[in-house]
Structure formats: C-alpha cells, structure tokens
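The values are calculated or read from the model by the stated rules, or taken from the named source; none is laboratory data. No experiment lies behind these values; they were computed from the predicted model shown. All Cβ positions, glycine included, derive from the backbone under ideal geometry; neighbour counts span all protein chains shown.
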Amino acid sequence: MEKSPTGIAGFDEVTNGGVPKGRPTIVCGGPGCGKTMFAAEFLVRGATEFNEPGVLMTFEETSEEMSKNVASLGFDLKKLTAKKKMVLEYVRIEPAEIQETGEYDLEGLFIRLQHAVKAVGAKRVVLDTVEAIFSGFSNTGMLRAEIRRLFRWLKDHGLTTVVTAEKGEGSLTRYGLEEYVSDCVIFLDHRVTDQISTRRMRVVKYRGASHVADEIPFLIDERGFSVMLSSLMKLDHAVSNERISSGVKDLDDMLEGRGFTGDRRCWFRERRARESRAWRRTLRRRPAGMGNDVCTWHWKSLRRRRCATCDRSDSIWRSRYGRDCCDSKRGDRRRAG
C-alpha cells in the first residue's frame with residue numbers, strides 16, 4: 001500500500017511509512033488527548049516538508065481560534081494560508097438550529113470542500129470533528145449511509161484525509177460507525193495514574209499494511225507531536241576508554257592494574273557505615289595529578305576476602321595494611337569484642 005509520510009516525529013516509524021495515501025484516517029480519543037494537534041501537524045508538515053498543500057475544515061473552532069491554538073507548537077497557519085499552502089475553512093453548525101425533515105445529504109459540504117481543494121491544489125484534508133456534522137440527526141441508518149458517502153467521496157478524489165472523532169461509550173467513536181468505514185484508526189489516550197499524567201497512542205487498524213500494535217507513549221510540546229518509540233531511542237554518546245586509578249593498589253590490580261574505566265564520575269555504594277568511612281578516607285588520599293575526579297566502587301561487584309582467623313570481611317584492612325586483621329593488636333581487640 002502506498003503511504004503518505006506525516007512528518008510527525010516517531011509516527012512514521014510506527015506505521016512503517018505514514019498514513020494510507022489517498023484514503024481517510026480516523027484519529028479518535030477523549031477530550032484533551034491531542035486529536036486536533038495531531039491533525040494540524042499532519043497538515044503543516046505536509047505543506048512545509050512534502051510540498052502537499054492542505055485544507056483544514058473545522059466545525060467547532062473558528063479559523064482565528066485554530067490559528068492561535070496551534071501557534072504554541074510553532075505553526076503559523078496564517079503564513080501558510082497567505083502562501084497558498086493551506087486553506088482554513090470554518091463551517092458553522094448549530095444543532096439547536098437544525099430541523100430534521102425529508103432526506104438529508106452532504107452535497108453542500110462536498111461542494112464547499114471541493115472548492116477549497118481546488119483553490120490550492122490540496123493533497124491533504126483534515127475534518128475536525130466529524131461528529132459535529134451529524135450532531136442534529138438521530139437516524140442511524142442515514143448517518144451510516146452519509147458517513148460512507150463522505151469517506152467514498154474523499155477516496156474518489158485521492159485526498160489523504162485525517163478525520164478527528166470523539167470517543168464514544170464502549171466504542172472508539174461516538175456513533176461506533178466511523179472506525180469501520182475508515183482505512184486507518186489511531187486511538188489517542190490521556191490518562192492519570194497515581195497523580196502522574198501520561199499520553200499514549202495505539203494504531204488500532206491499518207488495512208493492507210503492517211504496523212506496531214502496542215500502546216506507545218507520546219509527547220506534545222513546543223516542537224509538536226512526538227511519538228516515543230523505544231526502538232528509536234539510541235545510546236549514541238561517546239564512551240571514554242581512559243583508565244583512572246582508585247588510589248588503592250589491590251583494587252587497581254583487580255582492574256587489570258589500571259583502575260576504573262569509562263566515565264570519571266561514578267557512584268559509590270557500601271553495605272556498612274564503617275566500610276564506607278574507610279573507603280572515603282582511602283580515596284581522599286589518591287595520587288597527585290588525579291585532579292577533582294571522584295573514583296567510586298560498588299561493593300557488590302568486589303570480591304571480598306575474609307580473615308582466615310575470625311572470618312571477618314577484611315578487604316579494606318588488607319588493602320591498607322597488607323595483612324589480615326587478626327595479625328595486629330587492633331585485630332585482636334576486634335576479635336575479643
């Protein structure tokens with residue numbers, strides 16, 4: 001299947017190329033999950049990075065409101081509109097002013113949408129949100145027929161479309177119809193667990209193509225929409241091969257006679273306070289020329305020798321004095337205690 005790259009960081013890797021080209025995609029979820037931001041970035045990236053002009057048709061927010069809302073992501077919709085890269089179209093629909101009578105169709109919407117597409121030669125379209133179109137009508141049979149007709153019209157004109165939809169009760173969308181007639185369904189979720197807010201995305205459906213089906217975290221910040229796919233997170237920082245002496249000869253001998261390797265700043269953890277204090281005193285007496293480097297060691301990774309007489313852990317005593325603890329008067333006092 002031919003795909004259209006969205007330009008959204010991480011998303012094209014999740015879907016192996018982007019959204020289906022020339023077909024509708026549903027982006028659904030609850031309030032505040034990022035549906036409109038995803039759709040807006042899809043249009044902006046298409047116009048600026050892939051030379052594909054777009055049409056943004058909204059049914060709830062005016063063109064002025066939409067421009068201000070996405071400005072926080074660094075997107076200037078008015079500038080793109082002036083360059084004939086985008087058309088902002090606000091269609092006012094008030095359910096209280098609608099009286100259902102006779103047959104109902106979307107012919108007027110198709111005419112208006114087709115005019116906007118021709119004005120800039122649009123390749124991409126966003127409808128935000130589809131429920132607003134049918135909010136004043138209760139005949140589910142008519143709703144299903146018109147939704148299918150809308151999606152067929154978009155396909156026939158070869159428009160790569162993102163349609164935002166509200167989450168329903170027990171279904172992905174309010175009417176439970178849109179996800180069945182679309183070729184791709186993306187579910188966005190904004191949840192709070194233990195007072196911690198997280199955003200997650202899942203590609204529920206993608207006809208004729210493979211994709212990552214797991215829930216994937218994402219962020220919305222001043223740079224836009226970013227999908228945090230784990231396989232894209234690389235540890236590409238430089239690693240030092242420099243060896244640093246610990247100041248303890250026996251310990252350096254255990255480390256190939258050259259001391260620690262890698263970063264000069266490490267963390268040190270000990271099991272006993274007495275050992276911790278002894279190590280700190282030892283490390284403070286490091287050789288000259290080591291500067292302010294802090295050498296540390298994890299006790300669990302050290303082979304600890306034990307006293308042959310009292311079976312005490314004696315790695316520090318031996319490293320400092322070159323003999324077992326019981327070979328000295330201090331060791332005798334410790335054994336007697």
Counted residues, the stretch 183-216 - those being surrounded by 15 or more Cβ atoms within 10 Å (Cβ to Cβ) and farther than 26 Å from ILE147 by Cα: 5
Would you mind telling me which numbered condition in (1) of a type in the set (Val, Ile, Thr); (2) over 19 Å from SER63 (Cβ atoms); (3) modelled with pLDDT of 85 or more ILE147 fails? (3)
Of the residues in the stretch 21-48, those that are more than 19 Å from TYR90 (Cα to Cα) and within 21 Å of the chain's Cα centre (by Cα) number 12
Search the stretch 68-96 for residues that are under 16 Å from GLY224 (Cβ atoms) and among the aromatic types (Phe, Trp, Tyr) and pair each with any residue that is surrounded by 12 or more Cβ atoms within 10 Å (Cβ to Cβ) and modelled with pLDDT under 90 when their beta-carbon atoms are under 8 Å apart and the residues are at least 6 apart or on different chains. PHE75/GLY224
